[in-house]
Amino acid sequence: MPKIVDHDKQRVLVAEAAWRIIRRDGMEQASVRNIAEEAGVSVGSMRHYFSTQSELLRYAMNLVSERVSHRVQKMSFTGSPMDNMKCLLLEFLPNTEEKLAEMEVWYAFTARANTDPTLKELANTVYDELRQAVGSVITYLIKLDLSRPDLDKELEIERLYALVDGLGIHTVLRPDQMNAKLMDDVLTLHLASLCR
């Protein structure tokens with residue numbers, strides 16, 4: 001009897017194998033052959049899931065974004081407005097081992113996107129979505145009349161966007177200096193600085 005394979009599940013397993021290669025050995029080692037070996041599948045069977053290496057990498061990159069989006073969609077905002085805003089922002093930061101792995105892989109893909117147009121389009125879309133989420137925090141502060149009266153909405157969106165992105169980069173590059181508590185404290189202080 002032929003083996004029944006769940007193609008969607010297999011694509012995720014292959015993408016996760018790509019992540020492990022990228023984290024351990026770098027993006028330049030993320031070849032179809034190396035990923036197939038890591039995933040425990042033949043190079044030939046990889047063609048059933050991805051027709052090109054670029055398609056595989058795009059899928060693996062998109063999987064990072066999908067996982068973050070899924071976590072955000074599952075959130076329940078039952079705390080104070082400030083706690084809710086901070087919790088939303090923390091979902092975009094590598095404050096757990098799982099999210100650190102995702103962010104390390106994300107930044108490797110982002111670097112690769114500079115020379116791969118298919119990845120560039122996806123990277124731009126995801127960064128636009130992050131900016132929109134950050135913008136919603138500033139908009140929420142203003143709408144609830146919690147913000148300082150002199151707050152420049154567009155400037156504060158850019159400042160918070162840069163802060164979130166910077167915290168992520170610092171955590172990936174210097175995990176010995178940046179940790180979950182420090183990220184939380186920085187966000188708490190920054191959000192408080194935006195308020196009356």
Segment 135-196 to segment 22-89: how many Å between their Cα centroids? 25
Could I get the Rg over Rh figure for segment 1-51? Both from C-alpha atoms, Rh via Kirkwood, rounded to two places. 1.00
What percent does the relative contact order of segment 33-103 come to when contacts are Cα pairs within less than 8 Å and at least six residues apart? 19
Taking all protein chains as present, what is the carbon and sulfur share of the accessible area of the chain, in % to the nearest whole number, probe 1.4 Å? 55
Using Cα-Cα distances under 8 Å and only pairs 6 or more residues apart, what relative contact order does segment 1-51 have, in percent? 34
Tell me the Rg and the Dmax, in Å, that the Cα atoms of segment 1-149 produce. 18.4, 71
Under the helix-only model (-39500 (n - 2.57) for each DSSP H run of 4 or more, divided by the residues of the chain), the mean residue ellipticity at 222 nm, to 500 deg cm²/dmol, is -24500 deg cm²/dmol
Short to long, in 10 Å steps from zero, the percent of alpha-carbon pairs of segment 123-183 per bin is 21, 41, 31, 7
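Leaving out ligands and nucleic acids, note down the accessible area per residue over segment 62-194 with a 1.4 angstrom probe, in whole Å².
Values: 7040 Å² over 133 residues.
Result: 53 Å² per residue.
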With the 8 Å Cα cutoff and a minimum separation of six or more residues, the chain has a relative contact order in percent of 20
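Kirkwood hydrodynamic radius for segment 62-194: how many Å is it when counted over pairs of different Cα atoms?
The answer is 15.5 Å.
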Could you provide, to the nearest whole Å², the per residue accessible area of segment 1-51 with probe 1.4 Å? 64
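The values are calculated or read from the model by the stated rules, or taken from the named source; none is laboratory data. The model shown is predicted, which means the values in this text are computed figures rather than measured ones. Calculation scope for accessible area: heavy atoms of the full protein, side chains included, ligands and nucleic acids excluded. Shrake-Rupley method; radii C 1.70, N 1.55, O 1.52, S 1.80 Å.
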